[in-house]
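A short worksheet on the structure shown next.
The values are calculated or read from the model by the stated rules, or taken from the named source; none is laboratory data. Owing to the predicted nature of the structure, the values given are computational and were not obtained by experimental measurement. Neighbour counts are summed over all protein chains in view; Cβ atoms, including those assigned to glycine, are modelled from backbone coordinates with ideal geometry. Ligands, DNA and RNA are excluded from the accessible area calculation, which covers all protein heavy atoms including side chains. Shrake-Rupley method; radii C 1.70, N 1.55, O 1.52, S 1.80 Å.
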Amino acid sequence: MLQQTQAARVVEAFDRFLRRFPNINSLARASDDAVLAGWRGLGYYRRAIQLRDAAIIIRDRFQGQVPHQVEQLRELPGIGRYTAGAIASVAFGKRAAIVDGNVRRVILRCSGRADQDVGAASRESLWNAAQVLVDASSRPGLFNEGIMELGAVVCTPASPRCDKCPIAEECIARRDGLQDEIPRPAKPAIRQTIHHHVVVVRARGQLLLERRGNQGLWRRMWQAPTIESARQLNAAGVLSRLRIPVQSLRHIESFHHRTTHRDVVFHVFHATTRAKMGKWVARASAERMPLSNPQRRILLAAAKAKKDGWALARPSPSGTLRSV
Ligand code: SF4
């Protein structure tokens, strides 16, 4: 939960999630919708599905016990090298290395290496250095937590507090006054812009929803019918791609949403239809369904129209929708 999500938001969700899924078996049995609803408010919903899928593997292949070894942990969905090392060392006391941004900065500065962590060879040499350190430790979990904390609190990216640093005597960057040059700043990633044309279709007091696919952003979550494209489409372009015939397509608003790697421009349309195909959902049911934050915002836009019996208030802090 703490990957990419602020601790304050996790605190609220953690207990709720554990009450709902108190053990491996209950999580392994959970449907997509149940686990996504339990993850409400945390974002990056793919993690919830991967956690449930990991629980299934732990139940079926590891007799319900979380494996202790890095290699076995890495067989689980969503568990990469870093997370496997963290679980193995912190939870099970194994001499497993971890390298995150904080550990990398401490190692590079301490050894006086300015290289960017871009190539596989450079990454591997960092992991090897971290492994040498943890191999020498009598308490690997504590050591790993300590070096991460050192990077987060003392050896910070800007203005490291070298006068407070317990390894200052060993540090080459400090000795040579290179703290500001190590590590070299990474080149900014090229961000991709995509357009989501969202058509809120209402009829008979219900809303037409569809489920997103298994890949990409907000996978397996529910949404109003959405046409994705690299360029903005006009109304005719949206109509031609919709799988349901609609009337009175009307553009309501556009807004930007930023994710880790992409800028998503949402273009919201309202429409009505006489067709009955697809999944139609009453307001009370929609409130309980897993929706991304932008799709909740779009439901709010639908509320403003106040037609056809739909009226939704702002999402509450817990992310649910309340009627007005
Ligand atoms: S001495 Fe300064 S630069 Fe070196 S590891 Fe400590 S805080 Fe970082």
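How many residues does segment 26-84 hold that are over 18 Å from the mean Cα position of the chain (by Cα) and either of a type in the set (A, V, I, L, M, F, W, C) or in a helix (DSSP H, G or I) (or both)? Number of matching residues: 17. Close Cβ contacts (under 7 Å, 6 or more residues apart or on different chains) running from residues in segment 119-130 that are under 11 Å from L108 (Cβ atoms) to residues that are open to solvent by less than 40 Å² (accessible area, probe 1.4 Å) and modelled with pLDDT of 85 or more comprise L126/V99; L126/I107; A129/I107.
Just one of the listed residues (L73, L108) is open to solvent by less than 30 Å² (accessible area, probe 1.4 Å), free of Cβ contacts under 8 Å to residues at least 40 places away in the same chain and either away from the ligand (no atom under 16 Å from the Cβ) or out of contact with any helix residue (DSSP H, G or I) (no Cβ under 7 Å at 6 or more places or on another chain) (or both), and it is L73.
For segment 140-147, the criterion of being in a helix (DSSP H, G or I), more than 16 Å from the ligand (Cβ to nearest atom), open to solvent by 30 Å² or more (accessible area, probe 1.4 Å) and hydrophobic (A, V, I, L, M, F, W, C) is met by at least one residue.
Taking the options R262, R174, R250, R243, name whichever one is more than 30 Å from L150 (Cα to Cα), among the charged types (D, E, K, R) and either open to solvent by less than 70 Å² (accessible area, probe 1.4 Å) or touching a Lys or Arg at 6+ places or on another chain (Cβ under 9 Å) (or both). Spell out the reasoning first.
Details: R174 fails: more than 30 Å from L150 (Cα to Cα); R250 fails: either open to solvent by less than 70 Å² (accessible area, probe 1.4 Å) or touching a Lys or Arg at 6+ places or on another chain (Cβ under 9 Å) (or both); R243 fails: either open to solvent by less than 70 Å² (accessible area, probe 1.4 Å) or touching a Lys or Arg at 6+ places or on another chain (Cβ under 9 Å) (or both).
Selected residue: R262, the only one of R262, R174, R250, R243 that is more than 30 Å from L150 (Cα to Cα), among the charged types (D, E, K, R) and either open to solvent by less than 70 Å² (accessible area, probe 1.4 Å) or touching a Lys or Arg at 6+ places or on another chain (Cβ under 9 Å) (or both).
Candidates are the residues of segment 178-236 that are among the β-branched types (V, I, T) and within 21 Å of N293 (Cα to Cα); the one that is farthest from the ligand (Cβ to nearest atom) is V201.
Based on what the data block shows, is A37 modelled with pLDDT of 90 or more and closer than 27 Å to A286 by Cα? Steps first, please.
Values: modelled with pLDDT of 90 or more: no; closer than 27 Å to A286 by Cα: yes.
Spelling it out, it is not the case that A37 is modelled with pLDDT of 90 or more and closer than 27 Å to A286 by Cα.
Name the residue, out of F92, F62, that is more than 20 Å from Q3 (Cβ to Cβ), more than 16 Å from the ligand (Cβ to nearest atom) and of a type in the set (F, W, Y).
Step by step, each of F92, F62 is checked, and only F62 is more than 20 Å from Q3 (Cβ to Cβ), more than 16 Å from the ligand (Cβ to nearest atom) and of a type in the set (F, W, Y).
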